[in-house]
Amino acid sequence: MELSAQHHSTDVPTEWQKQNKTGRFGMWLFLAALTMLFGACVVGYLIIRFRLSNKIELGSIQLPPVLWISTIAILLSSLTIERACGLLQRDNIQGFKQQLLWTDMLSGLFVLTQVPGMAMLLRTHQQLVDDGVAMYGMVFMVILLHAIHVLGGLIPLGMITKRAFTTGYTAQTFLPVRLLTMYWHFLGIVWIILFAMLFAMG
């Protein structure tokens with residue numbers, strides 16, 4: 001009877017496990033909505049770009065070299081935040097803090113290179129012939145949309161970093177870190193798609 005009771009207690013999810021499951025499900029729904037939003041923007045850009053391909057040759061617009069640095073930075077930041085989350089789940093608090101700081105620095109590098117890179121890209125599109133006005137508007141909207149969501153990720157990243165070095169996290173309170181990690185991976189994937197699209201289509 002005692003063994004049966006003990007076995008039953010281990011099968012009952014704890015409160016933090018329930019919160020973890022609910023939080024992840026909510027984040028997946030949020031990311032699905034964002035995917036549809038970005039997907040619509042990408043489709044809109046491609047339609048406009050192909051319509052203008054006879055006037056503005058595909059691949060004729062070169063991406064600013066600084067955007068390659070942005071790409072490397074966000075890829076590395078995805079690796080470091082994933083590693084930070086994994087270390088926290090194993091209660092390696094010191095390793096978690098170190099990887100979180102790396103994520104902060106790489107995220108800062110991403111933003112610092114994005115601002116001039118995107119400004120140069122927009123100037124290039126703005127100099128197109130009048131037929132390219134619609135494409136310029138779509139590029140501007142996609143860039144602005146991604147920038148807003150990056151800023152939306154930097155705020156919780158800063159809050160999590162602050163808490164990591166004050167009250168701290170444990171393997172049982174890692175949910176905010178996991179949710180931010182999911183969101184950050186999403187931003188990285190979106191940027192890679194946008195970068196590849198702009199690189200190929202110009």
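Summary of computed values
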{"item": "Flag if Asp104 is at pLDDT below 95 and acidic (Asp, Glu)", "result": "no"}
{"item": "Among the candidates Thr166, Thr124, residue that is modelled with pLDDT under 85, of a type in the set (Ser, Thr, Tyr) and out of contact with any helix residue (DSSP H, G or I) (no Cβ under 8 Å at 6 or more places or on another chain)", "result": "Thr124"}
{"item": "Complete set of residues in the range 36-53 that are in contact (Cβ under 8 Å) with a residue 40 or more places away in the chain and either touching a strand residue (DSSP E or B) at 6+ places or on another chain (Cβ under 8 Å) or part of a helix (DSSP H, G or I) (or both)", "result": "Leu37, Phe38, Cys41, Val42, Gly44, Tyr45, Leu46, Ile48, Arg49"}
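The values are calculated or read from the model by the stated rules, or taken from the named source; none is laboratory data. Just so it is clear, the structure is predicted and the values come from calculations on it, not from any experiment. So basically every Cβ, Gly included, is an ideal-geometry build from the backbone, and we count neighbours across all protein chains shown.
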